[in-house]
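Have a look at the structure below, then the notes.
The values are calculated or read from the model by the stated rules, or taken from the named source; none is laboratory data. Predicted model, so just to flag it, every value in this text is computed and none were measured. Using ideal geometry, Cβ is built from the backbone for each residue, glycine included, and neighbour counts are taken over all protein chains shown.
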Amino acid sequence: EPGDSFSRGEEFGSVESVKAVSELFIPMGGEIVEVNTALESAPDLVNSSPFGEGWMLKLRAGEPDQFQDLLLSGQYLNMLEE
Amino acid sequence: MAQETGKGLRLVVIGAGPGGYAAAALAAAKGCDTTLVEAGALGGTCLNTGCIPSKILRKSTGLFREVRESDTFGISTREPELDMAGVQARKKGIIAAQQKGVAGLMEKNGVKLIQGRAALEGRDRIRVDQPGREGLTLEFDRLILATGSVPAQIPGFPFDGEHILSSDHVLDLETLPESVLIVGGGVIGCEFAFILNDAGVKVTVVEALDRVLDIPGFDGQGSKLIQRAMKKRKIKCLTSQKVTGAVLSDRGCRVSLEPTNGQAKSPAEIEAEKVIVVAGRQPATKGLGLETAGVDMDGRGYAVVNEFMETSVKNIYAIGDMAGFPKPMLAHVATAEARRAVSHALGSPGPMSYRAIPSAVFTSPEAAWVGITAKEAEQAGISAQTHTLLFRTIGKVQVLGELDGEAAITADTQSGIILGVRLVGAHATELISQACLAVENKLTLDQLANTIHAHPTVSEVMVELAWKATGQALHA
């Protein structure tokens, strides 16, 4: 919820599918500024538009240095191919 | 097998709850001259202010939610209404019928029933004060104490039935408050949270420990699943916080909170129309005359007993909640202990075993467990492994539309003997008894895996879990 603070790696929620439940871990520490409430009624947006309308939350970064440790989507896909 | 015969033995039982009335019936059936003394209503806490009424409320509010959400199942209704007066009327009817049953059982077994408040006058006699009559003295050869427990008050929150409610008050509600703060995330607190939330009440739970249901046999993952379910229902759950005081007004209650783990948190205050304090129960041993007879109690007033339910005084036994802590304070424990106490009283002692006591929590999803967790096994020096399986992998669960939940089984790494099962999911409270059978009889994962389970049922989660644990998973 907006106002909640998390440290990097903390669980901030979970996604559920028909067959599985997965925990969601926050990639960097900070304070939640906004949550995408559209997902409550249309959770499949996470599948259809993960980089667009399926956004989950907006985070005010706690430690900007932590950005260095994150991968862009292209970098991640390359990593998977290796 | 030694013939137990109570012929000629004068046996008195104090307290007609699930422990007491069972002890009385069993003793009388073995030929004892049995008297059962009860100061209040037959059936004790279980029937009057516990198990039965709480599940009656659960059924009604749970059904209310199901009806509101029935469009998923192709059913359309007008906006349904929940009539608490109707729920209370049903409750009273069921309780009255069950009480008649207890009275009938006593009569059938020839148990003399006395309505009155008993107190020990020595090691072989009790005094009973009866309303509007002469008190009487009863001598006994054997005495079984089963006076149970009552809701415990916490400092700063005296029960008034108006702003600060005990579980007794909640079970009597004829109208629902708009919002409640539930102090205590144990079994009663969690059940009330879901019951009231289903009825449309805004619920906040505050728990001093770092998880709800922090009870032996129930692991952290289990608590997490329940807390996740609370979050989905918009039940606010504040852990690692305790209540420090309340300001009451006709608008409601303003309760101040303090962290218990040294980490300051918001909010520091919660407002709710009513506060429900379910942070524990205490033994009903005050005024019982235990000191007079020399029956030892611990610092909190619980009678101290051995594995045969004997107290420090020969021929005096104590069972159920009044001798509970640190054993589970459950109705079925009291009934099992009644059996042990009577056996010993009649000369055929058998120790009470707490190895396979099930716990059942009527939340949504339900939680139930028996035996030990992997962590507890490790602490006991047993090499054990836990396997888990999501309830939603089972076909019947998809059919019911109650996807939440996970089953966990812990078994000895060497022998495969099942040491514990923890269930969170649909019908967990019914499924757990099969696990009790396994733990009680030291069945192995292989034996469970080789037991055919009917399809399509939720119980298949057990056999699928056993298959997974023995490396022969089919669907998992």
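One table, with the values for the structure above:
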item: Residue in segment B:266-274 that is outside any loop (DSSP other than H, G, I, E, B) and hydroxyl-bearing (Ser, Thr, Tyr) present; result: no
item: Residue check for residue B:58: surrounded by fewer than 24 Cβ atoms within 10 Å (Cβ to Cβ) and either in contact with a helix residue (DSSP H, G or I) (Cβ under 6 Å, 6 or more places away or on another chain) or of a type in the set (Phe, Trp, Tyr) (or both); result: yes
item: Failed item, numbered, when residue B:324 is tested on (1) more than 23 Å from the chain's Cα centre (by Cα); (2) at pLDDT below 95; result: (1)
item: Test result for residue B:425, within 14 Å of chain A (Cβ to nearest Cβ), at positive phi, buried (at least 21 other Cβ atoms within 10 Å of the Cβ) and touching a residue at least 60 places away in the same chain (Cβ under 8 Å); result: yes
item: All positions within segment A:1-27 that are away from chain B (no Cβ under 12 Å) and in contact with a helix residue (DSSP H, G or I) (Cβ under 7 Å, 6 or more places away or on another chain); result: A:8
item: Options B:171, B:181, B:138, B:209: the member that is closer than 30 Å to residue B:342 by Cα and at pLDDT 95 or above; result: B:138
item: Residues (in contact with a helix residue (DSSP H, G or I) (Cβ under 8 Å, 6 or more places away or on another chain) and under 18 Å from residue B:149 (Cβ atoms)) located in segment B:173-198; result: B:183, B:188, B:191, B:192
item: Hits in segment B:108-137 (condition: under 17 Å from residue B:315 (Cβ atoms) and among the basic types (Lys, Arg)); result: B:123, B:125
item: Hey, residue B:40 without any contact (Cβ under 8 Å) to a residue 12 or more places away in the chain and not polar (S, T, N, Q) or not; result: yes
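Each row is one residue, and each column tells you yes or no for (1) at pLDDT 95 or above; (2) under 28 Å from the mean Cα position of the chain (by Cα); (3) of a type outside the set (Phe, Trp, Tyr).
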| site | (1), (2), (3) |
| --- | --- |
| B:243 | yes, yes, yes |
| B:250 | no, no, yes |
| B:253 | yes, no, yes |
| B:256 | yes, no, yes |
| B:262 | no, no, yes |
| B:272 | yes, yes, yes |
| B:277 | yes, yes, yes |
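Conditions (1) away from chain B (no Cβ under 14 Å); (2) surrounded by fewer than 10 Cβ atoms within 10 Å (Cβ to Cβ); (3) of a type in the set (Lys, Arg); (4) farther than 30 Å from residue B:265 by Cα, marked per residue:
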position	(1), (2), (3), (4)
A:29	yes, no, no, no
A:35	no, no, no, no
A:39	no, no, no, no
A:47	yes, no, no, yes
A:60	yes, no, yes, no
A:64	yes, yes, no, no
A:71	yes, no, no, yes
